[in-house]
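To start, the structure itself, in C-alpha cells.
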Amino acid sequence: MSAVTSEPADPVTRQVMVDVHGVHKSFGPLEVLRGVDLRVRTGEVTVILGPSGSGKSTLLRTINHLEKVGQGWIAIDGELVGYRLSGGKLYELKEKDVLKQRTGIGFVFQNFNLFPHLTVLENLVEAPVSALRRPRREAEATARRLLARVGLDDKADAYPRQLSGGQQQRVAIA
Ligand SMILES: Nc1ncnc2c1ncn2[C@@H]1O[C@H](COP(=O)(O)OP(=O)(O)OP(=O)(O)O)[C@@H](O)[C@H]1O
Ligand SMILES: [Mg+2]
C-alpha cells in the first residue's frame, strides 16, 4: 500500500470544503469541544491529533451531524450541516434531510461498524443499493474495484471475523 498526498499548488485560493466555526459540544457537565475552528480546503489532507478522550471522534461526528453542536456551525461545500438558516436563526433539519446530507459525506467509524453476518462484498454493496438505490450489479462492480484498491480483492467472500483488524478497517475505508 502507498498513500499519495497531493500538495495544493494554491492553498489559499482553493475552495473551503469543510468549514467548522466556533463549535462547542458538551456531554452533561463534560465540555469536550470548546470553540473549535477548522477549515479544510479541497484536496487537502488534514490530521487531527490529540490525547485519547480529547474529542477527536466527537469533532468528526459533529461534521456528519451524528452529534448536535451546542454552539457554532459547520458547513460542507458551502451548505450548513444539520441546520438551515432562516431570518438569522438556525433551525435543525428533519432527520430525512439529515440522512440525505449524509449520503454525500464519507465517514469511517473508529470501530469499523461492519455487518458481522455479511461478507466483505455484501458489506460494501448494502449502502449503495439500500440508501442510494444503485443497481446491485453496478454496486458490486464498484465494490470489487474499491476492494482491489485497498488490496483486498481476494477477501470479497470472507466474513469480517475472518479478517485482521487492519483488513477490517480497510473494508470500512472501501
Ligand atoms: N455519547 C457520549 N456521552 C457521554 N460522553 C461521551 C460521549 N461520547 C464521548 N464522550 C466523552 O467525550 C470525550 C471525548 O471523546 P472522543 O470519543 O471524542 O475522544 P477521542 O479524542 O476520539 O479519543 P480516542 O483517541 O480514545 O478515540 C471523552 O471523555 C468521552 O468519554
Ligand atoms: Mg476517537
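So the values come out like this:
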read-out: Cα-based shape type of the stretch 120-173, given that a ≥ b ≥ c are square roots of the gyration tensor eigenvalues and the cut on a/c is 1.5; value: prolate
read-out: Accessible area (Å², 1.4 Å probe, nearest 10) - Leu85; value: 110
read-out: Overall form of the chain per C-alpha gyration tensor (a/c, 1.5; a/b vs b/c); value: prolate
read-out: Loop-exposed trypsin sites (Lys or Arg not before Pro) per DSSP, neighbour cap 15 Cβ within 10 angstrom, longest uninterrupted part of the chain; value: 15-67
read-out: Sequence-separation-based contact order of the chain, relative, with Cα cut under 8 Å and 6+ spacing, percent; value: 17
read-out: Å² per residue, accessible surface of the chain at 1.4 Å; value: 67
read-out: Protein accessible area in the chain, 1.4 Å probe - carbon and sulfur %; value: 52
read-out: Spin-label proximity, Thr42 to the stretch 92-120 - amide N less than 19 Å from point 7 Å beyond Cα toward beta carbon; value: 104-106
read-out: Pairs from Lys56/Lys155; Lys100/Lys155; Lys68/Lys155; Lys96/Lys155; Lys25/Lys96 whose Cα-Cα separation, in the structure shown, is over 25 Å; value: Lys56/Lys155; Lys100/Lys155; Lys68/Lys155; Lys96/Lys155
read-out: For the stretch 16-102: rounded, prolate or oblate by the Cα gyration tensor [a/c cutoff 1.5]; value: oblate
read-out: Length added when fully stretched, Gln71-Ser164, from 0.36 nm per residue minus Cα-Cα; value: 29.5 nm
read-out: Rel. contact order, % - alpha carbon contacts under 8 angstrom, at least six apart, the stretch 120-173; value: 40
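The values are calculated or read from the model by the stated rules, or taken from the named source; none is laboratory data. Fair warning: this is a prediction, and the values are worked out from it, not measured in the lab. Positions of Cβ are backbone-derived with ideal geometry, glycine not excepted, and every protein chain shown enters the neighbour counts. Ligands, DNA and RNA are stripped out before the accessible areas are found, and what is left, the full protein with its side chains, is counted by its heavy atoms. Shrake-Rupley method; radii C 1.70, N 1.55, O 1.52, S 1.80 Å.
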